[in-house]
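A single structure is presented below for examination.
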């Protein structure tokens, strides 16, 4: 379902802004996690997505109850989306642990737009436009340069092949829950209801993981603050914004816009964590920004000339 707006182009621009806000919020997670080095990646992922998802369900509970008949009709999409939400953070953070932060992040985030476009092509019959293909190529080239320049900064990659596979799994589940949520929106479920139900059920599936791995959050006030921030800002507010964006733009465009996440992560790593980014990395940042401009800015329509 597409919200009413003054024009399709304005509506798309608003959707792009929402997706960009989500990408910025998500890009802070790596820096935030450095302030809780004693907390395992699985615990951080389970807490962020689990608690954030539960909060989304809480604020949407009236709409969920009012639309329970429609949600029941959409239970296959809801179940697939919820399972994908539960798998995504575990695969994403495990990928970074096994393959290194840079490789894990690049594969997880960089593969999502391509997988999303393929899902739309196979399941929706949406044509892959030349504009999208060029934009994706520019963005992925930027991510590749960012990856090559960033390095691992002392992190030991214990199993790069397995970490890369988990990164692809993370990218695939990210693309899949984006598509299922948008499918429910297209079938007249409000965005907050579709996202709240998907993430609420996914968060519920993550609770056992949090119970097993999350004791370290109680070791210090700093760890607890990091857990609260991850749940409230990137996952709660970030995914509320992402849901609003999905209601206005195709899932392939939404996931392409979120390629800005590694840019935010790299800039924060330089100015907050104290890491260095060489010229090649800044060139990658510029290419990703160019990808965003190419993909999201409306093109002027050609005027027909009367003969």
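Each value in this text was obtained by applying a stated rule to the coordinates, not by laboratory testing. Quantities reported herein were computed from a predicted structural model and do not represent experimental measurements. Cβ sites come from the backbone with ideal geometry, for glycine too, and all protein chains shown count toward neighbours.
Using only the Cα atoms of the stretch 8-296, what do you get for the radius of gyration and for Dmax, in Å?
17.9, 55
Can you sort 111, 116 so the residue with the fewest Cβ neighbours within 10 Å comes first?
Working: 111 22, 116 27.
The fewest-first ordering by Cβ neighbours comes to 111, 116.
Using only Cα atoms, locate the centre of the stretch 51-117 and the centre of the stretch 175-246, then give the distance between them in Å, rounded to an integer.
Taking the Cα centre of the stretch 175-246 as reference, the centre of the stretch 51-117 is 7 Å away.
Between residue 124 and residue 293, what is the label-point separation in nm under the 7 Å Cα-to-beta-carbon projection?
2.7
Shifting gears a bit: Between residue 7 and residue 271, what is the spin-label point distance in nm, taking each point 7 Å from the Cα along the Cα→C-beta axis?
Label at residue 7, label at residue 271, 3.3 nm between them.
For 90, 237, what ranking results if the residue with the fewest other Cβ atoms within 10 Å of its Cβ goes first? Intermediate results must be reported in sequence, preceding the final value.
Numbers: 90 21, 237 16.
With the fewest neighbours first, 90, 237 line up as 237, 90.
Now for a separate question. Give me the distance in nm between label points sitting 7 Å out from Cα along the Cα-to-Cβ direction at residue 75 and residue 220, one decimal.
4.7
Among 230, 195, which comes first, then next, by fewest other beta-carbon atoms within 10 Å? If you can, show how the numbers build up before the last one.
Details: 230 26, 195 29.
The most exposed by this proxy come first: 230, 195.
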